[in-house]
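The values are calculated or read from the model by the stated rules, or taken from the named source; none is laboratory data. Every value quoted in this text rests on a predicted model; they were computed, and no experiment measured them. Heads up, the Cβs are rebuilt from the backbone with ideal geometry, glycines too, and the neighbour counts pull from every protein chain shown. These accessible areas exclude ligands, DNA and RNA; they are computed on the full protein's heavy atoms, side chains included. Shrake-Rupley method; radii C 1.70, N 1.55, O 1.52, S 1.80 Å.
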Amino acid sequence: MAPGASSPEKQDKENLVGINSKQLGVCGWILFFLSLLLMIITFPVSIWMCLKIIKEYERAVVFRLGRIQADKAKGPGLILVLPCIDVFVKVDLRTVTCNIPPQEILTRDSVTTQVDGVVYYRIYSAVSAVANVNDVHQATFLLAQTTLRNVLGTQTLSQILAGREEIAHSIQTILDDATELWGIRVARVEIKDVRIPVQLQRSMAAEAEATREARARVLAAEGEMNASKSLKSASMVLAESPIALQLRYLQTLTTVATEKNSTIVFPLPMNILEGIGGVSYESPQKAPPRA
């Protein structure tokens, strides 16, 4: 780049309306003094027409002979507007809520969704908002719609549903960079609702139900396996000590008698079981059959 040349960004900023600091010129000063003389001649009446009240949350951008009078907007309070040569535009500096209507978006995994959101922004430079863009609110609204569609179009449906905060922050950064020259500062972006087709909702519900059912079956199988291992360990302990089996038998009788008082329990001696099934408590093997 040549030494005398400037960067494209610097040239764009110099060409923006409202930053040019040229003087009024000879004709401009003549008209200025004539307007001032007219105001002095008609002082009792003109003073009420030339004084304007600017509220605390407003700023006034004054154009004198078509040129912005100062780089900074005037207000709040009383300002003086000269007749015939001055025109002023009020700018509201309060936060504006921009409601983005539902946008039909095709995600990266080819799913059609409808997404709506809301953008909160405010004007921090009244001069840039008036001089550099025709309708700053309409331009911000259309830019928010386009940015929402472009950003969500690069995401999958699962990423949109799980990462709303990250997507909203990305949209806010893009909007803030684009509207800086318009005097706009984006405060917050929120994604309100993500609507998916009914058929896809049913498919996702069926998939989630199948996943939960499979997980429940796995847990039940693990429980059965753990229970069988515990029963095996308990049976081995009881086989080693017949007295423990009798104590367990008596404990079971106590539990049944406590829960159901109307039930009559007939205890059966453990020695009788030896002759019924051929079970011996001395050894886990069956007793030899009698001749």
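Annotations for the structure displayed:
- Filter result (open to solvent by 90 Å² or more (accessible area, probe 1.4 Å) and over 19 Å from GLN103 (Cβ atoms)) within the stretch 181-200: ARG185, GLN199
- Where helices (runs of 4 or more DSSP H) sit wholly within the stretch 91-208, those with at least 1 residues that are over 30 Å from GLY66 (Cα atoms) and of a type outside the set (Lys, Arg) occupy 136-152, 157-162, 164-178.
- Filter pass, TYR57 being over 30 Å from PRO197 (Cβ atoms), touching a helix residue (DSSP H, G or I) at 6+ places or on another chain (Cβ under 9 Å) and of a type in the set (Phe, Trp, Tyr): no
- Scanning the stretch 157-180 for residues that are open to solvent by 80 Å² or more (accessible area, probe 1.4 Å) and under 16 Å from LEU142 (Cα atoms) turns up ASP177, GLU180.
- Of the residues making up the stretch 41-63, those that are over 11 Å from LEU80 (Cβ atoms) and assigned to a strand (DSSP E or B) are ILE53, ILE54, GLU58, ARG59, VAL61, PHE63.
- Across the stretch 89-115, the number of residues qualifying as modelled with pLDDT under 90, surrounded by 15 or more Cβ atoms within 10 Å (Cβ to Cβ) and of a type outside the set (Val, Ile, Thr) comes to 1.
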